[in-house]
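The values are calculated or read from the model by the stated rules, or taken from the named source; none is laboratory data. These figures come from a predicted structure and were not determined experimentally. Cβ atoms come from the backbone with ideal geometry, glycine included; neighbour counts cover every protein chain shown.
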Amino acid sequence: MKTLKIAIQKSGRLNEKSVELLKNCGLSFENYKSSLISPVSNFPLEILFLRDDDIPEYVQDGIADLGIVGENVIQETEVKVSYLQKLGFGKCSLKVAITNNSDIEQLSDLNGKSIATTYPVILGKFLQKNSIDADIRTISGSVEISPGLGLADAICDLVSTGGTLKSNGLKAFADVMSSEAVLIGRKGSENDILIQELIQRIQSVLRAKETKYVVLNAPSANLAEVLALLPGVKSPSVVPLAEEGWVAVHTVIPERDFWDRISQLKQAGAQGIVVMPIEKIIL
């Protein structure tokens, strides 16, 4: 039987979440920190642990069938791969940042300035799109110290919380792109049966993270009003209770919607509301 290969980050901000996602998909493997390959014992899959910059090229060249990597890395390496699924973690933004006392007030003020970055390709396209002529200075490592050392007037780097910028006397100035972890595949491999099966597992885990299983009791007379607030995956399940005139309602609802509707549910007579996590949802 064919064995798929999926490349994930060996170390760094996406490693832990990538491993967690694959294990939540029911895949059994060891996360060998000192090894490049880890076989999955219950699915025809091998996991390659690589540098994130290498993952897109490994997928493009067919060394790996799939990869989990940040969108920023794909854009910077300019490889030709297929986006198969956004994964909802590793979210960050690539931003231009300036010093707190900078005289730069609008994008056009970047003309003639120098910008330090580890993403020269993405930054170059951004500057070209906005008709800005600036000097891009490619730096490996921490670019946040560049303005303080007089190496650049501004920087372009990934920002998650903004804490690193603040500690270096910088502030975000312009958004270049948003990024999150994505599942990628080789061009033309989207219809592979094994790949589709793995994508289905991943999607079931992602759906479960966004939803909650809700059970509540409600007066039969108010059932229509309660059901209007609880759409469910297909439709809620309604079970008569031993006490006449009452029913139990079972449903699945996006967590973000539930907290907005809980007061409305209580006003409709809902009682004994129980909210439980879901492991997987398969449509």
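Output yes when any residue across the stretch 249-264 is within 30 Å of Tyr58 (Cα to Cα) and at pLDDT 90 or above, and no when none is.
Within the stretch 249-264 (the criterion being within 30 Å of Tyr58 (Cα to Cα) and at pLDDT 90 or above), the answer is no, since none of the residues qualifies.
It is to be established whether one or more residues within the stretch 197-218 are touching a helix residue (DSSP H, G or I) at 6+ places or on another chain (Cβ under 8 Å) and on the phi > 0 side of the Ramachandran plot.
No, the stretch 197-218 contains no residue that is touching a helix residue (DSSP H, G or I) at 6+ places or on another chain (Cβ under 8 Å) and on the phi > 0 side of the Ramachandran plot.
Of all the residues that make up the stretch 111-151, how many are farther than 22 Å from Gln75 by Cα, over 31 Å from the mean Cα position of the chain (by Cα) and of a type outside the set (S, T, N, Q)?
Residues meeting the conditions: 6.
Which one of the conditions (1) in a loop (DSSP other than H, G, I, E, B); (2) of a type in the set (A, V, I, L, M, F, W, C); (3) at pLDDT 90 or above; (4) within 21 Å of Phe43 (Cα to Cα) does Leu283 fail to meet, given that it meets all the rest?
(3)
Go over the candidates Ala221, Ala248, Ala228, Ala208 one by one and state the one that is loosely packed, with under 14 Cβ neighbours inside 10 Å and either outside any helix (DSSP H, G or I) or in contact (Cβ under 8 Å) with a residue 12 or more places away in the chain (or both).
Exactly one of Ala221, Ala248, Ala228, Ala208 is loosely packed, with under 14 Cβ neighbours inside 10 Å and either outside any helix (DSSP H, G or I) or in contact (Cβ under 8 Å) with a residue 12 or more places away in the chain (or both), namely Ala221.
Would you check which residues across the stretch 251-280 are on the phi > 0 side of the Ramachandran plot and surrounded by 12 or more Cβ atoms within 10 Å (Cβ to Cβ) and list them?
Step one: list which residues in the stretch 251-280 are on the phi > 0 side of the Ramachandran plot, which gives 269, 272.
Listed by number, the list holds a single entry, Gly269.
Per-residue answers, yes or no, for (1) charged (D, E, K, R); (2) assigned to a helix (DSSP H, G or I); (3) surrounded by 20 or more Cβ atoms within 10 Å (Cβ to Cβ):
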{"residue": "Lys2", "(1), (2), (3)": "yes, no, no"}
{"residue": "Ile8", "(1), (2), (3)": "no, no, yes"}
{"residue": "Lys17", "(1), (2), (3)": "yes, yes, no"}
{"residue": "Glu20", "(1), (2), (3)": "yes, yes, no"}
{"residue": "Asn31", "(1), (2), (3)": "no, no, no"}
{"residue": "Ser34", "(1), (2), (3)": "no, no, no"}
{"residue": "Ile47", "(1), (2), (3)": "no, no, yes"}
{"residue": "Asp54", "(1), (2), (3)": "yes, yes, no"}
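Which residue, of Lys86, Lys80, Lys91, Lys95, is surrounded by 21 or more Cβ atoms within 10 Å (Cβ to Cβ) and not hydroxyl-bearing (Ser, Thr, Tyr)?
When all the criteria are applied, what remains is Lys95.
Quick check on this structure: which one of Asp53, Asp103 is under 18 Å from the mean Cα position of the chain (by Cα) and at pLDDT below 95?
Asp53
Taking the condition of being touching a Ser or Thr at 6+ places or on another chain (Cβ under 7 Å), surrounded by fewer than 21 Cβ atoms within 10 Å (Cβ to Cβ) and not polar (S, T, N, Q), how many residues in the stretch 113-131 meet it?
1
Quick one: Ala97 ticks every box in (1) among the small types (Gly, Ala, Ser); (2) in the same structural domain as Leu21 (by TED's automatic domain parsing); (3) in contact (Cβ under 8 Å) with a residue 60 or more places away in the chain bar one, so which box is it?
(2)
Do we have Leu198 as out of contact with any His (no Cβ under 7 Å at 6 or more places or on another chain), of a type in the set (A, V, I, L, M), closer than 30 Å to Ser18 by Cβ and part of a strand (DSSP E or B) here?
no
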